[in-house]
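Following: one structure in structure tokens, then a few remarks.
Read the figures in this text as sums done on the coordinates, not as results from a lab. Note that the structure is a prediction, hence the values are computed from the model and not measured. So basically every Cβ, Gly included, is an ideal-geometry build from the backbone, and we count neighbours across all protein chains shown.
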Amino acid sequence: MGLLSEFSSKAEIHRRETIRRFDDFFISYFNEIEALEGVAKEDLAVTLVARAPDSPVADAVRRHADRFGALGIELQVIFAGIEPSSVFAGFAEMAARHNGEHCLEATIRWARNPALLDAHEQLVLGTGHCWSGDVMRRSSDVRVSLDLFEEQGGDAVRLAHMAFDGLWSASAPISKSRFRNALAAKDTASTVAETNGMRDQLLESALACEYVTRH
């Protein structure tokens, strides 16, 4: 029991540390954009290839997405899987806020063909920042240590853009109905969680009153 609890705790700590490793990477990119006198469209493009919407690199993008709208950054994403649906819905909501809800189909695609899973997770920020991670077919708990951050990596960025364009062409668009269903499921789950929380609070209050009455 103790071992399982300890493992779970360490896994969560490791996940948070993994996400935070991207902080300096994003800050460097944002600072570079703000220092430019003339910003080209390519400088304001962020592309992400991730195993799933709950992948740490996807969480890192969500963590820093508030700066996207202010700077005019456009996001394109390829997921190998779109589960869990509630996390996917949250990611879609974030993308809609910054790219526009009507642009979701042009923002997120699904690499649903198993032949595409040998592609690596990657994050490209503009024309100089590139991160490469593990292949998407590996499960999240059996990861190897490929974790390569490059700043001012012109050649790496060009290769990453070529890889992304090829993978984008081979991936499937996500229909509006799937987006709607995911968002509806998320809203339902939130309502249920809120209702359950209120029920638990009422039950605790009732039990507390009963205890006081008896004593």
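With both labels modelled 7 Å from their Cα along Cα-to-Cβ, the R158 to N181 distance reads 4.3 nm. Compactness of region 2-174 is given as radius of gyration and Dmax, 15.8, 56 Å, from Cα positions. Residues R16, R67, ranked from the fewest to the most other C-beta atoms within 10 Å, line up as R16, R67. Taking the number of Cβ atoms within 10 Å of each Cβ as an exposure proxy, the fewest-first ranking of M162, M94 is M162, M94.
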